[in-house]
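*Asks:* Dropping the structure in here first, questions after.
The values are calculated or read from the model by the stated rules, or taken from the named source; none is laboratory data. This structure is a prediction, so every number in the text was calculated from the model and none was measured. Here the Cβ is made from the backbone with ideal geometry for all residues, glycine too, and neighbour counts use every protein chain on show. These accessible areas exclude ligands, DNA and RNA; they are computed on the full protein's heavy atoms, side chains included. Shrake-Rupley method; radii C 1.70, N 1.55, O 1.52, S 1.80 Å.
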Amino acid sequence: AKNLKIPQAIISKIPTAGFWKDQTDEDEIGIEYSLLDVILYGLVDLKMHPVDVSKAVGAPLDLVRRVLEMNRKNIHKRITPPIPKIRKKNI
């Protein structure tokens with residue numbers, strides 16, 4: 001964002017769906033993005049066991065397991081939907 005010269009106010013804006021006053025994404029999911037990022041990095045990218053992630057990042061095991069479960073429940077959001085074929089080969 002900085003390389004694209006996006007204003008700092010936009011870069012540092014707290015993510016929110018904006019459905020109501022003072023709502024934040026972090027409040028909705030119950031974890032700060034900085035912690036969520038390292039937990040997901042351990043679970044998804046490094047394929048670590050939740051117990052090992054918990055120890056590595058210093059987060060409670062129940063929180064790591066909750067993140068893992070949220071990730072599993074939302075897999076449909078990360079998969080490209082099927083495209084119906086209209087020719088022998090799709091564009």
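*Asks:* Could you report the accessible area of Glu26 in Å², rounded to 10, computed with a 1.4 Å probe on the protein chains as they sit in the structure?
*Replies:* 60 Å²
*Asks:* Eight or more residues apart or on different chains, and alpha-carbon atoms under 24 Å: count the Lys pairs in the chain matching that.
*Replies:* 9
*Asks:* Here's a follow-up. What distance in nm separates the simple spin-label points at Lys5 and His49, each placed 7 Å from Cα in the Cβ direction?
*Replies:* My value for the distance between the label points is 5.3 nm.
*Asks:* More than 21 Å apart: what percent of Cα pairs in the chain qualify?
*Replies:* Looking at the chain, the distances longer than 21 Å represent 54 percent of pairs.
*Asks:* Once the principal axes of the Cα atoms of the stretch 1-50 are found, what is the range along each, listed largest first in whole angstroms?
*Replies:* Sorted largest first, the three principal extents are 38, 31, 12 Å.
*Asks:* Taking Cα pairs under 8 Å and at least six residues apart, what relative contact order does the chain come out at, in percent? Before the final figure, lay out the partial values.
*Replies:* Values: 42 pairs, mean separation 12.6, N = 91.
Taking the mean separation of contacting Cα pairs over the length of the chain, I get 14 percent.
*Asks:* Leaving out ligands, DNA and RNA but keeping every protein chain, what accessible area does Leu36 have, in Å² rounded to the nearest 10, with a 1.4 Å probe?
*Replies:* 20 Å²
*Asks:* For the pair Ser12 and Arg65, how long in nm is the line joining their label points, each one 7 Å along Cα→Cβ?
*Replies:* Spacing of the two 7 Å Cα→Cβ label points: 3.9 nm.
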